[in-house]
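The values are calculated or read from the model by the stated rules, or taken from the named source; none is laboratory data. Small disclaimer: the values here were computed from a predicted structure and weren't measured. Cβ sites come from the backbone with ideal geometry, for glycine too, and all protein chains shown count toward neighbours. Note: areas computed on protein heavy atoms with side chains; ligands, DNA, RNA excluded. Shrake-Rupley method; radii C 1.70, N 1.55, O 1.52, S 1.80 Å.
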Amino acid sequence: MAKSKINVFGMGYMGYPLACLLAKGGYEVNGVDIDSNKIEKINSNHCLFEEKGLGEVFQSLSKNSLSGSTQPIPASVHIIAVPTPHRDGTCDLSYIESACEMLKDVVARNDLLIVESTIKPGVCEYLNTKYFKDANVLIAHCPERAIPGNTMFELVNNDRIVGGLSPEATKKAVEVYRSFVKGEIFETEARTAEAVKLLENTSRDIGIAMANEFEQILREKGIDASEAIYLANRHPRVNILNPGIGVGGHCIAVDPWFLAEDSQVAKLIRASRQINDERPTEIARRILRVVGDKKKIGILGVTYKPDIDDIRETPVKGVIEELKANGLNVAYFDPHYRGLFCTEGFDSFEKIEDWADILIQLVNHKEFQSLRSKKEIKNFKDL
(Lines give C-alpha, C1' and ligand atoms only; values in the text may rest on other atoms or scores of the structure.)
Protein backbone atom coordinates (compact mmCIF):
# COMPACT_ATOMS: atom_id res chain seq x y z
CA MET A 1 0.00 0.00 0.00
CA ALA A 2 1.43 3.40 -0.98
CA LYS A 3 1.93 5.76 1.93
CA SER A 4 -1.26 7.79 2.28
CA LYS A 5 -3.52 9.64 4.67
CA ILE A 6 -4.70 8.00 7.89
CA ASN A 7 -7.27 9.05 10.48
CA VAL A 8 -6.47 7.85 14.01
CA PHE A 9 -9.45 8.21 16.35
CA GLY A 10 -8.53 8.74 20.00
CA MET A 11 -5.44 10.72 21.07
CA GLY A 12 -5.00 8.88 24.36
CA TYR A 13 -2.34 6.63 25.86
CA MET A 14 -2.34 4.31 22.82
CA GLY A 15 -3.81 6.35 19.97
CA TYR A 16 -1.38 9.25 20.17
CA PRO A 17 1.82 7.14 20.29
CA LEU A 18 0.38 5.06 17.42
CA ALA A 19 -0.27 8.22 15.42
CA CYS A 20 3.31 9.40 16.00
CA LEU A 21 4.75 6.06 14.86
CA LEU A 22 2.61 6.03 11.72
CA ALA A 23 3.67 9.59 10.94
CA LYS A 24 7.31 8.58 11.40
CA GLY A 25 6.63 5.62 9.09
CA GLY A 26 5.70 7.97 6.26
CA TYR A 27 1.95 8.38 6.55
CA GLU A 28 0.13 11.71 6.70
CA VAL A 29 -1.79 11.29 9.97
CA ASN A 30 -4.85 13.15 11.19
CA GLY A 31 -5.36 12.60 14.92
CA VAL A 32 -9.07 12.80 15.72
CA ASP A 33 -10.31 13.57 19.23
CA ILE A 34 -13.29 15.34 20.77
CA ASP A 35 -10.94 17.07 23.24
CA SER A 36 -10.17 20.41 21.58
CA ASN A 37 -7.30 21.03 24.02
CA LYS A 38 -5.49 17.96 22.70
CA ILE A 39 -6.09 19.03 19.11
CA GLU A 40 -4.76 22.52 19.84
CA LYS A 41 -1.57 21.04 21.35
CA ILE A 42 -1.05 18.72 18.37
CA ASN A 43 -1.46 21.56 15.89
CA SER A 44 0.84 23.77 17.98
CA ASN A 45 3.52 21.09 17.69
CA HIS A 46 3.43 20.06 21.35
CA CYS A 47 3.82 16.45 22.52
CA LEU A 48 0.65 15.45 24.39
CA PHE A 49 2.19 13.60 27.33
CA GLU A 50 5.31 12.05 28.76
CA GLU A 51 6.13 8.48 27.81
CA LYS A 52 9.54 6.88 27.50
CA GLY A 53 10.70 7.19 23.90
CA LEU A 54 7.70 9.23 22.75
CA GLY A 55 9.53 12.57 22.83
CA GLU A 56 12.27 11.27 20.55
CA VAL A 57 9.75 9.98 17.99
CA PHE A 58 7.78 13.22 18.21
CA GLN A 59 10.91 15.31 17.60
CA SER A 60 11.80 13.22 14.54
CA LEU A 61 8.50 13.84 12.72
CA SER A 62 8.63 15.75 9.48
CA LYS A 63 6.59 18.92 9.12
CA ASN A 64 2.84 18.38 8.61
CA SER A 65 3.12 14.59 9.00
CA LEU A 66 0.88 14.75 12.10
CA SER A 67 -2.02 17.15 12.57
CA GLY A 68 -5.14 17.10 14.71
CA SER A 69 -8.84 17.65 14.20
CA THR A 70 -12.15 17.01 15.90
CA GLN A 71 -13.40 15.45 12.64
CA PRO A 72 -11.99 12.83 10.25
CA ILE A 73 -10.72 13.74 6.80
CA PRO A 74 -11.01 11.71 3.58
CA ALA A 75 -8.31 9.05 3.87
CA SER A 76 -7.61 5.53 2.70
CA VAL A 77 -7.05 4.17 6.23
CA HIS A 78 -8.98 4.81 9.44
CA ILE A 79 -7.86 3.47 12.82
CA ILE A 80 -10.08 3.52 15.90
CA ALA A 81 -8.18 3.58 19.20
CA VAL A 82 -10.82 4.95 21.57
CA PRO A 83 -11.78 3.59 25.01
CA THR A 84 -14.24 0.74 25.44
CA PRO A 85 -15.43 0.99 29.06
CA HIS A 86 -17.44 -1.69 30.75
CA ARG A 87 -20.95 -0.84 31.89
CA ASP A 88 -22.52 -3.31 34.32
CA GLY A 89 -20.41 -6.14 32.95
CA THR A 90 -21.00 -5.33 29.28
CA CYS A 91 -18.78 -3.86 26.55
CA ASP A 92 -19.67 -0.20 25.98
CA LEU A 93 -19.22 0.53 22.28
CA SER A 94 -20.46 4.12 22.40
CA TYR A 95 -17.05 5.71 21.65
CA ILE A 96 -16.43 3.32 18.76
CA GLU A 97 -19.91 3.93 17.38
CA SER A 98 -19.40 7.70 17.61
CA ALA A 99 -16.25 7.32 15.50
CA CYS A 100 -18.14 5.21 12.97
CA GLU A 101 -20.90 7.82 12.79
CA MET A 102 -18.24 10.43 11.94
CA LEU A 103 -16.73 8.14 9.33
CA LYS A 104 -19.94 7.42 7.45
CA ASP A 105 -19.72 10.66 5.49
CA VAL A 106 -16.03 10.41 4.53
CA VAL A 107 -15.34 6.73 3.78
CA ALA A 108 -14.93 5.58 0.22
CA ARG A 109 -15.10 2.17 -1.42
CA ASN A 110 -12.23 -0.12 -0.35
CA ASP A 111 -11.10 2.18 2.47
CA LEU A 112 -9.53 0.23 5.31
CA LEU A 113 -10.93 0.49 8.86
CA ILE A 114 -8.80 -0.98 11.65
CA VAL A 115 -10.24 -1.28 15.16
CA GLU A 116 -7.51 -1.25 17.81
CA SER A 117 -9.89 -0.69 20.72
CA THR A 118 -10.48 -3.80 22.82
CA ILE A 119 -13.75 -5.40 21.76
CA LYS A 120 -15.60 -8.67 22.17
CA PRO A 121 -15.88 -11.26 19.37
CA GLY A 122 -18.34 -10.25 16.68
CA VAL A 123 -18.02 -6.46 16.98
CA CYS A 124 -16.27 -5.98 13.63
CA GLU A 125 -19.14 -7.82 11.92
CA TYR A 126 -21.64 -5.69 13.85
CA LEU A 127 -19.92 -2.43 12.82
CA ASN A 128 -19.81 -3.53 9.20
CA THR A 129 -23.52 -4.38 9.14
CA LYS A 130 -24.64 -1.23 10.94
CA TYR A 131 -22.40 1.39 9.36
CA PHE A 132 -20.44 0.23 6.32
CA LYS A 133 -22.07 -2.70 4.56
CA ASP A 134 -23.17 -0.66 1.54
CA ALA A 135 -19.86 1.25 1.42
CA ASN A 136 -17.69 -1.86 0.89
CA VAL A 137 -15.23 -0.82 3.59
CA LEU A 138 -12.50 -3.32 4.48
CA ILE A 139 -12.53 -3.97 8.26
CA ALA A 140 -9.87 -5.57 10.46
CA HIS A 141 -9.02 -5.82 14.14
CA CYS A 142 -5.52 -5.43 15.58
CA PRO A 143 -5.65 -5.35 19.39
CA GLU A 144 -3.09 -3.06 20.98
CA ARG A 145 -0.44 -4.86 23.00
CA ALA A 146 1.45 -2.30 25.05
CA ILE A 147 1.72 -1.14 28.62
CA PRO A 148 1.92 2.43 29.99
CA GLY A 149 5.50 3.24 30.89
CA ASN A 150 6.89 1.13 28.04
CA THR A 151 4.37 1.90 25.31
CA MET A 152 6.71 3.01 22.56
CA PHE A 153 9.05 0.04 22.83
CA GLU A 154 6.18 -2.45 22.94
CA LEU A 155 4.23 -0.88 20.08
CA VAL A 156 7.29 -1.34 17.90
CA ASN A 157 8.71 -4.63 19.18
CA ASN A 158 5.78 -6.73 20.39
CA ASP A 159 4.21 -9.31 18.09
CA ARG A 160 0.86 -8.22 16.67
CA ILE A 161 -2.34 -10.08 15.75
CA VAL A 162 -4.27 -8.88 12.70
CA GLY A 163 -7.61 -10.35 11.72
CA GLY A 164 -9.88 -9.03 8.98
CA LEU A 165 -13.41 -9.71 7.86
CA SER A 166 -11.81 -10.70 4.57
CA PRO A 167 -8.33 -11.82 3.47
CA GLU A 168 -7.94 -8.51 1.62
CA ALA A 169 -8.68 -6.53 4.81
CA THR A 170 -6.12 -8.60 6.73
CA LYS A 171 -3.47 -8.11 4.04
CA LYS A 172 -3.92 -4.34 3.84
CA ALA A 173 -3.91 -3.95 7.64
CA VAL A 174 -0.68 -5.94 7.89
CA GLU A 175 0.93 -3.55 5.39
CA VAL A 176 0.02 -0.60 7.62
CA TYR A 177 1.62 -2.15 10.71
CA ARG A 178 4.73 -3.19 8.83
CA SER A 179 5.54 0.52 8.54
CA PHE A 180 6.72 0.51 12.18
CA VAL A 181 6.32 -2.94 13.81
CA LYS A 182 9.53 -4.95 14.20
CA GLY A 183 7.83 -7.86 15.97
CA GLU A 184 6.16 -10.71 14.09
CA ILE A 185 2.70 -10.04 12.70
CA PHE A 186 0.31 -13.01 12.83
CA GLU A 187 -2.62 -13.13 10.42
CA THR A 188 -5.99 -14.60 11.37
CA GLU A 189 -9.68 -13.76 10.97
CA ALA A 190 -11.53 -11.03 12.85
CA ARG A 191 -13.32 -13.05 15.56
CA THR A 192 -10.11 -14.81 16.59
CA ALA A 193 -8.23 -11.50 16.74
CA GLU A 194 -11.02 -10.02 18.86
CA ALA A 195 -10.78 -12.95 21.29
CA VAL A 196 -6.98 -13.02 21.65
CA LYS A 197 -6.62 -9.80 23.68
CA LEU A 198 -9.44 -10.90 25.97
CA LEU A 199 -7.79 -14.27 26.58
CA GLU A 200 -4.47 -12.60 27.40
CA ASN A 201 -5.85 -10.22 30.00
CA THR A 202 -8.39 -12.65 31.46
CA SER A 203 -5.58 -15.14 32.06
CA ARG A 204 -3.66 -12.48 33.96
CA ASP A 205 -6.75 -11.47 35.96
CA ILE A 206 -7.32 -15.07 37.04
CA GLY A 207 -3.67 -15.39 38.06
CA ILE A 208 -3.92 -12.25 40.19
CA ALA A 209 -7.13 -13.49 41.80
CA MET A 210 -5.48 -16.79 42.66
CA ALA A 211 -2.53 -15.00 44.29
CA ASN A 212 -4.85 -12.73 46.29
CA GLU A 213 -6.95 -15.68 47.47
CA PHE A 214 -3.83 -17.66 48.39
CA GLU A 215 -2.65 -14.70 50.48
CA GLN A 216 -5.94 -14.48 52.37
CA ILE A 217 -6.03 -18.24 53.05
CA LEU A 218 -2.44 -18.29 54.28
CA ARG A 219 -3.08 -15.21 56.41
CA GLU A 220 -5.97 -17.02 58.12
CA LYS A 221 -3.61 -19.89 58.91
CA GLY A 222 -0.87 -17.68 60.30
CA ILE A 223 1.52 -18.39 57.41
CA ASP A 224 3.80 -15.79 55.83
CA ALA A 225 2.31 -15.58 52.34
CA SER A 226 5.35 -13.91 50.78
CA GLU A 227 7.66 -16.68 51.95
CA ALA A 228 5.25 -19.47 51.01
CA ILE A 229 4.70 -18.08 47.49
CA TYR A 230 8.43 -17.53 47.00
CA LEU A 231 9.17 -21.12 47.97
CA ALA A 232 6.32 -22.50 45.84
CA ASN A 233 7.76 -20.65 42.86
CA ARG A 234 11.01 -22.59 43.24
CA HIS A 235 9.15 -25.38 41.44
CA PRO A 236 10.15 -25.21 37.77
CA ARG A 237 6.55 -25.27 36.51
CA VAL A 238 4.94 -22.93 39.07
CA ASN A 239 4.71 -19.13 38.77
CA ILE A 240 2.37 -17.66 41.37
CA LEU A 241 2.03 -13.89 41.09
CA ASN A 242 2.51 -11.46 43.96
CA PRO A 243 -0.66 -10.49 45.87
CA GLY A 244 -1.72 -6.85 45.58
CA ILE A 245 -4.44 -4.39 46.52
CA GLY A 246 -6.61 -5.22 43.51
CA VAL A 247 -6.57 -4.84 39.74
CA GLY A 248 -6.52 -1.55 37.85
CA GLY A 249 -5.91 -0.15 34.42
CA HIS A 250 -8.15 -0.14 31.39
CA CYS A 251 -7.36 -3.71 30.37
CA ILE A 252 -7.11 -6.39 33.04
CA ALA A 253 -9.90 -4.96 35.18
CA VAL A 254 -12.22 -4.65 32.18
CA ASP A 255 -11.49 -7.18 29.44
CA PRO A 256 -12.61 -10.34 31.30
CA TRP A 257 -16.15 -8.96 31.36
CA PHE A 258 -16.16 -8.71 27.56
CA LEU A 259 -15.24 -12.39 27.27
CA ALA A 260 -17.79 -13.49 29.86
CA GLU A 261 -20.57 -11.15 28.71
CA ASP A 262 -22.42 -13.52 26.38
CA SER A 263 -21.28 -16.79 27.98
CA GLN A 264 -23.21 -19.05 30.33
CA VAL A 265 -20.13 -21.08 31.30
CA ALA A 266 -17.64 -18.35 32.35
CA LYS A 267 -17.78 -19.23 36.05
CA LEU A 268 -14.06 -18.95 36.82
CA ILE A 269 -13.80 -15.58 35.08
CA ARG A 270 -16.68 -14.11 37.09
CA ALA A 271 -15.34 -15.55 40.35
CA SER A 272 -11.91 -14.04 39.69
CA ARG A 273 -13.42 -10.66 38.95
CA GLN A 274 -15.31 -10.79 42.24
CA ILE A 275 -12.16 -11.68 44.21
CA ASN A 276 -10.17 -8.84 42.67
CA ASP A 277 -13.02 -6.32 42.94
CA GLU A 278 -13.38 -7.09 46.66
CA ARG A 279 -9.65 -6.77 47.33
CA PRO A 280 -9.61 -2.96 47.96
CA THR A 281 -12.28 -3.37 50.64
CA GLU A 282 -10.21 -6.11 52.28
CA ILE A 283 -7.11 -3.88 52.28
CA ALA A 284 -9.12 -0.98 53.74
CA ARG A 285 -10.35 -3.21 56.56
CA ARG A 286 -6.77 -4.15 57.37
CA ILE A 287 -5.84 -0.48 57.50
CA LEU A 288 -8.75 0.21 59.83
CA ARG A 289 -7.44 -2.46 62.22
CA VAL A 290 -3.99 -0.83 62.49
CA VAL A 291 -4.73 2.90 62.61
CA GLY A 292 -6.16 2.84 66.12
CA ASP A 293 -7.25 6.34 67.15
CA LYS A 294 -5.40 7.99 64.28
CA LYS A 295 -7.84 9.96 62.14
CA LYS A 296 -5.71 11.54 59.40
CA ILE A 297 -4.52 8.87 56.99
CA GLY A 298 -1.96 9.74 54.34
CA ILE A 299 -2.03 7.47 51.29
CA LEU A 300 1.19 7.15 49.29
CA GLY A 301 0.43 6.36 45.63
CA VAL A 302 -2.87 6.35 43.77
CA THR A 303 -2.01 5.10 40.27
CA TYR A 304 -2.99 1.58 39.30
CA LYS A 305 0.64 0.42 39.06
CA PRO A 306 4.09 1.79 39.96
CA ASP A 307 5.94 4.55 38.11
CA ILE A 308 3.15 5.74 35.79
CA ASP A 309 0.57 8.56 35.93
CA ASP A 310 -2.47 6.44 35.00
CA ILE A 311 -5.34 6.17 37.51
CA ARG A 312 -7.83 4.31 35.30
CA GLU A 313 -9.70 1.70 37.37
CA THR A 314 -7.13 2.11 40.15
CA PRO A 315 -7.97 -0.05 43.19
CA VAL A 316 -6.64 2.73 45.45
CA LYS A 317 -9.92 4.57 44.86
CA GLY A 318 -11.86 1.72 46.48
CA VAL A 319 -9.49 1.64 49.46
CA ILE A 320 -9.86 5.38 50.06
CA GLU A 321 -13.62 5.38 49.68
CA GLU A 322 -13.94 2.56 52.25
CA LEU A 323 -11.71 4.44 54.72
CA LYS A 324 -13.73 7.63 54.28
CA ALA A 325 -16.97 5.70 54.72
CA ASN A 326 -15.62 4.65 58.12
CA GLY A 327 -15.10 8.24 59.22
CA LEU A 328 -11.39 8.70 58.50
CA ASN A 329 -9.90 11.83 56.98
CA VAL A 330 -7.87 10.67 53.98
CA ALA A 331 -5.43 12.51 51.70
CA TYR A 332 -2.87 11.32 49.19
CA PHE A 333 0.50 12.10 47.66
CA ASP A 334 1.66 10.63 44.36
CA PRO A 335 4.82 11.88 42.62
CA HIS A 336 3.45 10.75 39.25
CA TYR A 337 -0.15 11.98 39.48
CA ARG A 338 -1.25 15.52 40.34
CA GLY A 339 -4.81 15.59 39.01
CA LEU A 340 -8.23 15.37 40.61
CA PHE A 341 -8.91 12.25 42.61
CA CYS A 342 -11.54 11.03 45.05
CA THR A 343 -9.93 12.85 47.99
CA GLU A 344 -7.57 15.70 48.84
CA GLY A 345 -4.05 15.57 47.42
CA PHE A 346 -0.72 17.06 48.46
CA ASP A 347 1.99 18.08 46.02
CA SER A 348 4.95 16.93 48.13
CA PHE A 349 5.85 14.18 50.56
CA GLU A 350 6.84 16.73 53.18
CA LYS A 351 3.36 18.28 53.18
CA ILE A 352 1.49 15.00 53.57
CA GLU A 353 4.02 13.87 56.18
CA ASP A 354 3.29 16.98 58.27
CA TRP A 355 -0.47 16.53 57.87
CA ALA A 356 -0.95 12.80 58.44
CA ASP A 357 -1.12 10.81 61.67
CA ILE A 358 0.01 7.70 59.78
CA LEU A 359 1.20 7.00 56.23
CA ILE A 360 0.05 3.98 54.22
CA GLN A 361 1.97 3.07 51.06
CA LEU A 362 -0.31 1.44 48.48
CA VAL A 363 1.77 1.82 45.31
CA ASN A 364 5.45 0.92 45.08
CA HIS A 365 6.72 3.92 43.11
CA LYS A 366 10.51 4.01 42.89
CA GLU A 367 10.44 7.38 44.69
CA PHE A 368 9.05 5.64 47.78
CA GLN A 369 11.75 2.99 48.04
CA SER A 370 14.15 5.11 50.08
CA LEU A 371 11.69 7.26 52.03
CA ARG A 372 12.58 8.19 55.58
CA SER A 373 9.93 9.76 57.75
CA LYS A 374 9.34 10.96 61.27
CA LYS A 375 5.87 9.45 60.89
CA GLU A 376 5.06 5.76 60.77
CA ILE A 377 4.89 4.38 57.21
CA LYS A 378 3.13 1.08 56.67
CA ASN A 379 3.23 -0.82 53.40
CA PHE A 380 0.01 -2.62 52.51
CA LYS A 381 1.98 -5.87 52.37
CA ASP A 382 2.74 -5.59 56.07
CA LEU A 383 -0.78 -4.89 57.30
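Principal axis lengths of region 11-54 from Cα atoms, whole Å, largest first?
26, 23, 17
Treating the Cα atoms of region 57-205 as identical point scatterers in vacuum, please give the log10 of the normalised Debye intensity I(q)/I(0) at q = 0.10, 0.15 Å⁻¹, two decimals.
For the requested q values the scattering log ratios are -0.35, -0.82.
Report the Cα centroid-to-centroid distance between region 105-179 and region 279-315 in angstrom, as an integer.
38 Å
Taking only Cα atoms, what is the 0 to 90° angle, nearest 10, from helix 167-177's long axis to the longest principal axis of the chain?
The angle comes out at about 60 degrees.
By accessible area of protein heavy atoms, probe 1.4 Å, what ranking do 97, 213 get, highest first?
Ranked list, largest accessible area first: 213, 97.
Comparing 319, 291, 247, which has the greatest mean-square fluctuation in the GNM of the chain with Cα pairs linked when under 10 Å apart?
Answer for the Gaussian network model of the chain: 291.
Per residue, how much accessible area does region 259-383 have with a 1.4 Å probe, in Å²? Working shown, then result.
Details: 6250 Å² over 125 residues.
Ligands and nucleic acids excluded, the result is 50 Å² per residue.
As a test question: what accessible area, to the nearest 10 Å², does residue 322 have when a 1.4 Å probe is rolled over all protein chains in place?
About 50 Å², ignoring ligands and nucleic acids.
Sequence gap at least 6, Cα distance under 8 Å: using those rules, report the relative contact order of region 1-134 to the nearest whole percent.
On the way: 215 pairs, mean separation 35.1, N = 134.
Computed value for region 1-134: 26 percent relative contact order.
Out of all Cα-Cα pairs in region 101-144, roughly what percent, to the nearest whole number, are more than 15 Å apart?
Numbers: 362 of 946 pairs.
Of all Cα-Cα pairs in region 101-144, 38 percent lie more than 15 Å apart.
Which of the chymotrypsin sites (Phe, Trp or Tyr not before Pro) across region 232-339 are loop residues per DSSP, with 11 or fewer other Cβ within 10 Å? Walk me through the intermediate numbers first.
Working: sites: 257, 258, 304, 332, 333, 337; in loops: 304, 337.
When the chymotrypsin sites (Phe, Trp or Tyr not before Pro) of region 232-339 are filtered for loop state and at most 11 Cβ neighbours within 10 Å, nothing remains.
Between residue 289 and residue 40, take the C-beta separation as r, use R0 = 45 Å, and let me know the FRET efficiency to the nearest 0.05. Please list the in-between numbers first.
Details: r = 49 Å, r/R0 = 1.10.
Approximately 0.35, to the nearest 0.05.
Cross-link candidates for residue 317: which lysines have Cα within less than 25 Å, leaving aside residues fewer than 8 places away along the same chain?
294, 295, 296, 305, 351, 366, 375, 378, 381
Once you put a point 7 Å from the Cα of residue 357 and another 7 Å from the Cα of residue 166, both along the Cβ direction, what distance in nm separates them?
Taking the simple label geometry, residue 357 and residue 166 are separated by 6.9 nm.
Rounded to the nearest 5, what % of the DSSP beta bridges within the chain are antiparallel ones?
Working: 4 of 45 bridges.
Once the DSSP bridges in the chain are tallied, antiparallel ones form about 10 percent.
As a test of reading the structure, rank 374, 63 by solvent-accessible area (1.4 Å probe, protein chains only), most first.
On the way: 374 155, 63 180 Å².
Descending accessible area places them as 63, 374.
Compute the FRET efficiency between residue 135 and residue 64 as 1/(1 + (r/R0)^6), taking r as their Cβ-Cβ distance and R0 = 25 Å, and round to the nearest 0.05.
Details: r = 28 Å, r/R0 = 1.13.
Using R0 = 25 Å, I get an efficiency of 0.35.
Of the listed pairs 41/63; 133/172; 5/197, which have alpha-carbon separations greater than 22 Å here?
On the way: 41/63 15 Å; 133/172 18 Å; 5/197 27 Å.
Exceeds cut-off: 5/197.
Based only on the alpha carbon positions, what is the Kirkwood hydrodynamic radius of region 129-174, in angstrom?
Values: mean 1/r = 0.0824 Å⁻¹.
About 12.1 Å for region 129-174.
At a 1.4 Å probe, what is the % contribution of carbon and sulfur to the accessible area of the chain?
On the way: 8710 of 18060 Å².
Heavy-atom surface of the chain belonging to carbon and sulfur, 1.4 Å probe: 48 percent.
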